[in-house]
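See structure below.
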């Protein structure tokens, strides 16, 4: 008889997104193991009482013959298989000593982030594929953005390292917005950054942006993920657990969770703080960006709280 997931002890597993020269390492599970033949991010079970960072170093030495020298939290995922329940503590490894190879006879490959979705993974690894392809900085255009100010603002934030930009300009007519989006798209892609449109998935038929970000009321009105988003990102703004669960049911790829702090755009609205943010991020099955009063020096705190990164309009 198969136990219900809540009756099974959740197994703590550490995994690594290992980067080198713009590529990410994935390994193939041996055919004779659970979920054999599928690709995964290297790692393994954390022993009782073993610190997670020590388990990370041990597993990477045993599996790949490397020692991580620079690493940080990336995402934490809980997943229930029919026969086991796991919690994946995923770390991003930016530097390591040694030459990675399959010490246990497993195949390993270095692939680009864009190539990651082309492999078959265990279900618990799928949110990691998303997290591995998303940046740590998500920049949102200020309320007064237009054709006059937009190009200079974009050049500044791309130079600051923004890996993804949301063009939010509800004050612009559709033709003006889409013209500005076309300009933003050119500059973002030249810089290796993603461009998200705001509010209307149908705009992706006219502007070949990387995805669309929906405010909560617009997402809540959907019954299913729009077909126009096939192969593109769907993001949403959420503020509590009920909205998070609904966003996940509709197939969003990532969310912004706000407000962490009180913001100039919503004076008097009290921020939830890092503890409440961390509690929601811990149950999320998609990457979560911290939004609301974020500054550049909040990035480390956001990672510790389980965030993909930080999103900001002004603070960065």
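Rule-based calculations on the coordinates, nothing more; no lab input. Since we're looking at a predicted model, the values are computed, not measured. Note that we place each Cβ from the backbone using ideal geometry, even for glycine, and neighbour counts take in every protein chain shown.
Structure values in brief
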{"item": "Pairwise label distance in nanometres, residue 32 with residue 47, each label 7 Å out on the Cα-Cβ vector", "result": "2.3 nm"}
{"item": "Mean Cα-pair separation over length for the chain, i.e. relative contact order, pairs under 8 Å, 6 or more apart, %", "result": "14 percent"}
{"item": "Whole-Å distance, taken between Cα centres, linking the range 59-74 and the range 147-225", "result": "36 Å"}
{"item": "Residues residue 9 and residue 178, FRET efficiency given R0 of 51 Å [Cβ-Cβ distance, rounded to 0.05]", "result": "0.45"}
{"item": "Helix-only [θ]222 nm of the chain, DSSP H runs n ≥ 4, -39500 (n - 2.57) each, per residue, nearest 500", "result": "-7500 deg cm²/dmol"}
{"item": "Extension gain from residue 218 to residue 21, taking 0.36 nm per residue of separation minus the Cα-Cα distance", "result": "67.0 nm"}
{"item": "Per residue, the convex hull volume that the Cα atoms of the range 12-67 enclose (Å³)", "result": "88 Å³"}
{"item": "Viscosity 0.692 mPa s, 37 °C: Kirkwood-radius Stokes-Einstein D of the range 5-133 over Cα pairs, µm²/s", "result": "223 µm²/s"}
{"item": "The range 137-312, relative contact order in percent, only Cα pairs under 8 angstrom and at least six apart counted", "result": "16 percent"}
{"item": "Per-pair calculated FRET efficiency, R0 = 35 Å: residue 269 and residue 249 via Cβ, rounded to 0.05", "result": "0.85"}
{"item": "For the range 137-312, diffusion coefficient by Stokes-Einstein and Kirkwood Rh (Cα), 20 °C, 1.002 mPa s, µm²/s", "result": "130 µm²/s"}
{"item": "Sequence of 294, 272, 196 once ranked by neighbouring C-beta atoms within 10 Å, starting from the fewest", "result": "272, 196, 294"}
{"item": "Debye equation applied to the C-alpha atoms of the range 243-316, log10 I(q)/I(0) at 0.11, 0.28 Å⁻¹", "result": "-0.25, -1.31"}
{"item": "As computed over the chain, the Cα convex hull volume per residue (Å³)", "result": "147 Å³"}
